[in-house]
Each structure stands twice: as structure tokens, then as C-alpha cells.
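Novice: Right, I'll just put the structure down here and ask away after.
The values are calculated or read from the model by the stated rules, or taken from the named source; none is laboratory data. Since this is a predicted model, take the numbers as computed values, not measurements. Methodologically, a virtual Cβ is constructed for each residue, glycine included, from the backbone with ideal geometry; neighbour enumeration extends over all protein chains shown. In case anyone asks, the SASA skips ligands and DNA or RNA and just uses the protein heavy atoms, side chains included. Shrake-Rupley method; radii C 1.70, N 1.55, O 1.52, S 1.80 Å.
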Amino acid sequence: MEHLVDITRPLRVLVLLACVIVSFLGIAGSSVPAHGCVSCGFQLSWGSSGRDGGQFYSPQGVAVDPAGFVYVADQGNNRIEKFTGAGEFVSEWGGLGVRNGSFSYPYGIAVSPTGLVYVTDYRNGRVEVFTPTGAYFAQWGSEESIRMGFLVAPTGIAINALGDVYVADFYYDFVQKYDGLGNFVLAFGDYGSGQGRFNGTGDIAVDLSGNVYVTDVGNDRVEKFNGNGNYITQWGHRGSRNGEFNFPLGIAVDSTGSVYVADNGNRRIQKFTSKGVYVSQWSLTIPGSGQLENPEGLAVDSLGTVYVTTSENHVERFGEFPITTFTSSETSASTTTSAECLSTKCSSASSFANSTLSRPLGFYQNVNLGVAAAIVVVVALSGLLYSLGRSKRQR
């Protein structure tokens, strides 16, 4: 007698298993990592042209403190402005002058592990240090000899985990290292286009291993050094293709070691590995990339959220989804929705919807791969079970 094998039951099990695989990959694709920014997108923008609190006139450096507050060097207004991570104005300090606590074109800004705020005062040739509330604390650079940390045109500034301070001097084409109190430690670099040389030092960033990254503006590249100024590698040259630069300015490193560069002339932010391998970019030509009209300064917080200052007097924020913001009470968190984008903090409701209400690209890539894999598994095993069924019937 012909023995029939019911293959529908195992097929139903296989289909169910495929659905579970797809669902799992979909959840993984939309998850927010604890550190770094895997599928970042434009979140919000704040600022406009002017002199009032929350407005800017040629903002340059930007930094984030351990509590998540954002500091912007408002160069044209000769002041520092402090915001919450959601762009709510908190305070400001400074003013044009040469006295303690005043500025003449503040350029770079960095926050130490203890919360002190360091600012490069470009035209006054010095570094000034403040408390998180803007109280003047200390300064150095303008009254010392060149061998002891003299500064002429300080631009970028970065602080490592130990509190050591690195300052780029655009005029002398070198980087100087100080301790947290401003005592000179060492200097490296010189004018030129060879390894370890610069043609206009721009910004500086330091990774968790203590490596130092410098934007070499005139040579259109990024150079990497160890903490003692020994040359490691470089990448980039003049151009507009992936991995090329046109006037690179700001630079920042996240907790995973990814390097972000403000490619000013190409109006984009490029992301690289710590070895200089191109990863991705946000650009004016890519929908959902914000208003990156000549990006200037860059900063990344501990969660991988990226802050960018632009020549259009904005601060642009990029990060994972959902968006977590902090209120001015400094204690409670909230999640930004599309309705909140109707406020002035978002550049436009349409750009917010394009970037925030859509899943990150990585989500769709993972889901599509999961669907394809599940279909292949189901088809292959179905054919196998069908063949087994036929062979048993022929017996």
C-alpha cells in the first residue's frame, strides 16, 4: 500500500521559524547601541543669525560636557553659549576684549573630564579656562616664550582622559601639549606637506587610547599621532569623492573610535574608522542630512550623538532613533515626536519627518537580508522534504 507522508506540518514549522528570524533581524536593525552611532540620521537644528541668547554670528567650535550640555564658540559675537542637548538656551559669557573672561574671536572649545571649559582665544593668542557656569578660572599662552607654550593663533583644542590639553596653532603649524594647568609639555609638527607636517592646523580630537587626530586644512587631509606627537598615519587629499576633502575643519572621535570630519568645502560630514577607512557621510545632496551648508565645528557625546556648527548660524544634531532629549530642569528625559518638530528647534517638519519618522537605512538592509535568507531556507528545505516524501511513496 502507498505510504503518504504529510509534509505540511514541517513546512508550517519552517514558515513560522522564518517569520521569527525576520522579526529578530528587524528588531536588531532598529536598536540603539550603547555607544557610537551606527545608523545616525538628522534629528534637529537650532539657532539663527543674531546677537540674542540662542542666536549666532559665525559659530565655530562645539563641545559637550559629561552632563550632556552643549557649548558653542560664537565667534562673531565673542562669547560662549551653553545649551541643553535639545538646543534650549541656558547661559552665555564673554564679550570683546583682552581682559580675563573676554575674547577676540573664540575658536575652539573643549571640556575636561572634571567639567572645566577650555576655549582658544584666537586673536588674543591664548587659552582661557572657565567653570561650567562661565566663571573665569585661568589662562595661558600669550606671555610665554615659544619653547614654553607661546601661542599666536590657536584654533583647535582637545583634552584626553587624563586631562592633558592639545592646542593647534594655525600660524606656527604645530600642536602643543600642556597639562591641565597649562604647563607646557611638548610640541610637534611644522610647516610642510610631508608626514607629520601641516599647512594650517585646524581642529584636534583625541580618542580613548590617547591618539591625536588633526585636520591639516591646507593639505586637505587628516593626520594621526600618538599622545607624544609621534606620527602614525594620514588619509585624504583634495577632491569631492568619498574619503577626499576640500578644506577639512572640525574633527571628533566617538567612544568606538569612529572619526567624524567636517568637510567644509564639500558641505558634508564624513565618517571614517580610526585607520582612515571611509564609512559613510551626511551631505546637502543626501535627503535627511540637515542643513550642512559649510560645516565648521564637530563634537560627539558619550552616546554617539553628533553636533555640528554651520556657516548658516545653526547647530545640527545627528544621532540614533528614538531621539532622547533633556529638559532645562537637567533631571528628566523625553522623546521628541513629530509634533514637537513644529517648534523652532527643528529646521523643518518635512526634514524631520524624512529622517526621524523613517527607519534608519540599516534597519531596511537587515530586514531585507533576513527576508532573503528566510526564503532561501524555506525553499531549500521544502524541496528536500518534498523529495523525501516522493521517495517514500515510491516504496
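Novice: If residue 122 satisfies every condition in (1) within 24 Å of the chain's Cα centre (by Cα); (2) under 23 Å from residue 271 (Cα atoms) but one, which is the exception?
Specialist: (2)
Novice: Hey, another quick one. Going by the conditions given, is residue 270 in a loop (DSSP other than H, G, I, E, B), at negative phi and either in contact (Cβ under 8 Å) with a residue 60 or more places away in the chain or buried (at least 23 other Cβ atoms within 10 Å of the Cβ) (or both)?
Specialist: No: the conditions fail for residue 270.
Novice: Do you know which of the residues in the range 86-135 that are open to solvent by 10 Å² or more (accessible area, probe 1.4 Å) and touching a helix residue (DSSP H, G or I) at 6+ places or on another chain (Cβ under 7 Å) is nearest to residue 44 (Cα to Cα)?
Specialist: By that ranking, first place goes to 107.
Novice: Mind counting the residues in the range 221-258 that are assigned to a strand (DSSP E or B) and among the small types (Gly, Ala, Ser)?
Specialist: Total satisfying the criteria: 2.
Novice: Which count do you get for residues in the range 186-220 that are touching a strand residue (DSSP E or B) at 6+ places or on another chain (Cβ under 9 Å), part of a loop (DSSP other than H, G, I, E, B) and of a type outside the set (S, T, N, Q)?
Specialist: 11
Novice: The conditions are (1) touching a strand residue (DSSP E or B) at 6+ places or on another chain (Cβ under 9 Å); (2) under 28 Å from residue 302 (Cα atoms); (3) not basic (Lys, Arg), and residue 95 fails exactly one of them. Which is it?
Specialist: That leaves (2) as the condition not met.
Novice: Residue 179 - would you say it is of a type in the set (D, E, K, R), open to solvent by 10 Å² or more (accessible area, probe 1.4 Å) and under 26 Å from residue 227 (Cα atoms)?
Specialist: yes
Novice: A further question follows. For the range 209-267, which residues satisfy the criterion of being surrounded by fewer than 19 Cβ atoms within 10 Å (Cβ to Cβ) and acidic (Asp, Glu)?
Specialist: 244
Novice: Can you confirm whether residue 163 is crowded, with 18+ Cβ neighbours inside 10 Å and small (Gly, Ala, Ser)?
Specialist: Criteria not met by residue 163.
Novice: Any residue in the range 217-238 that is within 26 Å of residue 124 (Cβ to Cβ) and either without any contact (Cβ under 8 Å) to a residue 24 or more places away in the chain or hydroxyl-bearing (Ser, Thr, Tyr) (or both)?
Specialist: Within the range 217-238, one or more residues are within 26 Å of residue 124 (Cβ to Cβ) and either without any contact (Cβ under 8 Å) to a residue 24 or more places away in the chain or hydroxyl-bearing (Ser, Thr, Tyr) (or both).
For every residue, the table says whether it meets (1) touching a residue at least 60 places away in the same chain (Cβ under 8 Å); (2) out of contact with any Gly (no Cβ under 7 Å at 6 or more places or on another chain); (3) at positive phi.
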position	(1), (2), (3)
110	no, yes, no
122	no, yes, no
130	no, yes, no
160	yes, no, no
168	yes, no, no
176	no, no, no
186	no, no, no
207	yes, no, no
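Novice: Any residue in the range 304-331 that is modelled with pLDDT under 75 and assigned to a loop (DSSP other than H, G, I, E, B) sitting within a Cβ distance under 7 Å of a residue that is surrounded by fewer than 18 Cβ atoms within 10 Å (Cβ to Cβ) and of a type in the set (Gly, Ala, Ser)? List the pairs, counting only those 6 or more apart or interchain.
Specialist: These pairs meet every condition: 327/334.
Novice: Within the set of pairs 6 or more residues apart or between chains, which connect a residue that is free of Cβ contacts under 8 Å to residues at least 40 places away in the same chain inside the range 63-74 to a residue that is open to solvent by 20 Å² or more (accessible area, probe 1.4 Å) and polar (S, T, N, Q) with Cβ atoms less than 8 Å apart?
Specialist: 74/58
Novice: When you go through (1) surrounded by fewer than 18 Cβ atoms within 10 Å (Cβ to Cβ); (2) touching a Gly at 6+ places or on another chain (Cβ under 6 Å); (3) at pLDDT 95 or above one by one for residue 55, which number turns out not to apply?
Specialist: (2)
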